[in-house]
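A.B. asks: Quick one: the structure is below, questions incoming.
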Amino acid sequence: MNDKRILIVEDNQEISSMLEEFLSGHGYEIECAYNGRDASVCLKDRQYSLILMDLMLPYKSGNDLIEELRTHSDVPVICLSARSNLETRIEVLRMGADDYILKPFDLDEVLVRIEVVLRRSNAEAEKRDKSGRLLCIHKLVLNPEENHAAIEGIPLALTAKELAILQLLMEHPKKTFSKANIYEAVWQEPYYYEDNTLNVHMSNLRNKLKRADPENEYIETVWGIGYRLAGEVLEIKRSERNWMERV
């Protein structure tokens with residue numbers, strides 16, 4: 001797949017054309033969808049390196065598209081919206097968006113945000129373990145190579161950031177991580193101040209784990225310090241345990 005292929009989902013054709021012309025001029029391959037229904041078809045049938053998405057769309061909202069997309073893909077999503085209230089931004093991040101840009105926007109800022117999100121996404125892909133190992137704790141099995149986690153064989157619908165946080169904790173099960181540690185490891189940029197981004201992703205991850213396995217706690221809060229894994233991790237090779245090949 002072209003690693004610079006972007007889908008623009010924007011019902012305002014003037015804005016869409018402006019973005020398409022600008023980003024094409026910077027080497028990106030652009031496709032456009034002008035409503036949520038057409039975007040849903042594109043996201044099911046094709047692969048993209050990033051989605052640039054308005055929230056207020058005909059037929060199907062951007063929120064619904066993100067929720068639908070996160071059931072089967074961790075492709076980065078940057079939302080474009082005139083809605084500036086904090087609740088909307090938190091909701092969109094909780095659903096799995098990677099960034100949020102307010103309208104009206106500067107085209108150069110959009111370009112920089114795209115570059116940053118793609119750089120993070122590519123770095124995460126490069127860091128994935130290629131040894132074929134599985135990390136196991138309680139009823140959870142994490143396959144770093146295939147970017148996949150499951151509890152009792154049932155896949156967890158985790159975003160890329162949630163999976164990266166979980167993998168970080170499982171690879172260092174005895175370490176207590178500060179918020180700054182986790183943010184800088186997962187987002188790969190300096191942690192200057194607390195803007196609730198990490199809190200939202202951590203809360204979402206813990207809620208998904210709790211729903212999938214109410215009997216066990218997977219992540220502990222160490223008050224005044226940060227977070228650590230709640231239990232011992234078993235690391236095995238897939239070839240050593242055939243019954244786990246389905247994970």
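A.B. asks: So what are the radius of gyration and Dmax for the Cα set of the chain, in Å?
C.D. replies: So, for the chain, Rg and Dmax equal 18.8, 57 Å respectively.
A.B. asks: Given a 1.4 Å probe and heavy atoms of the protein chains only, how would you sort K161, K208, K174, largest accessible area at the top?
C.D. replies: K174, K208, K161
A.B. asks: Can I ask one more? Using only the alpha carbon atoms of region 33-145, find the Kirkwood hydrodynamic radius as the inverse mean reciprocal pair distance, in angstroms to one decimal.
C.D. replies: Kirkwood hydrodynamic radius for region 33-145: 15.6 Å.
A.B. asks: Just read off the accessible area of E220 with the full protein assembly in place, 1.4 Å probe, to the nearest 10 Å².
C.D. replies: We get 50 Å² for E220.
A.B. asks: How big is the accessible area of S61 in square angstrom, nearest 10, if you roll a 1.4 angstrom probe over the protein chains?
C.D. replies: S61 has an accessible surface of roughly 40 Å² with all protein chains in place.
A.B. asks: Largest first and in whole Å, what are the equivalent-ellipsoid semi-axes of region 1-67 based on the Cα gyration tensor, each being the root of 5 times an eigenvalue?
C.D. replies: Its equivalent ellipsoid spans semi-axes of 19, 15, 8 Å.
A.B. asks: Continuing with the same structure: Which semi-axis lengths, in whole Å and largest first, follow from the square roots of five times the eigenvalues of the Cα gyration tensor of region 131-204?
C.D. replies: Value: 23, 13, 11 Å, ordered largest first.
A.B. asks: Looking at region 87-216 from every direction and averaging, what is the projected area of its Cα convex hull in nm²?
C.D. replies: Reported value for the Cα convex hull: 9.0 nm².
A.B. asks: Restricting to lysines 8 or more places apart or on different chains, can you count the pairs in the chain with Cα atoms under 16 Å from each other?
C.D. replies: Lysine pair count for the chain: 7.
A.B. asks: Relative to the first principal axis of the alpha-carbon coordinates of the chain, what is the inclination of helix 197-212, with its axis defined by its Cα atoms, in degrees from 0 to 90 and to the nearest 10?
C.D. replies: The helix 197-212 is inclined about 60 degrees to the chain.
A.B. asks: Quick one: ranking D213, D98 by accessible area, 1.4 Å probe, largest first, what do you get?
C.D. replies: D98, D213
A.B. asks: Sticking with this structure for a sec: Of the heavy-atom accessible surface of the chain (probe 1.4 angstrom), what whole percent is carbon and sulfur?
C.D. replies: With neighbouring chains kept in place, the figure for the chain is 47 percent.
A.B. asks: If you don't mind, there's one more thing I want to ask. Provide W223, W187 ordered by accessible surface of protein heavy atoms (probe 1.4 Å), highest first.
C.D. replies: In descending accessible area the options line up as W223, W187.
A.B. asks: Tell me, what is the per residue accessible area of region 36-156 in Å², probe radius 1.4 Å?
C.D. replies: For region 36-156, the per-residue accessible area is 46 Å².
A.B. asks: Taking 0.36 nm per residue of separation and subtracting the Cα-Cα distance, what length does fully extending A157 through E184 add?
C.D. replies: Here the segment from A157 to E184 would lengthen by 7.4 nm.
The values are calculated or read from the model by the stated rules, or taken from the named source; none is laboratory data. Keep in mind the model is a prediction, meaning the values are calculated, not measured. SASA here: full protein model, heavy atoms, side chains in, ligands and nucleic acids out. Shrake-Rupley method; radii C 1.70, N 1.55, O 1.52, S 1.80 Å.
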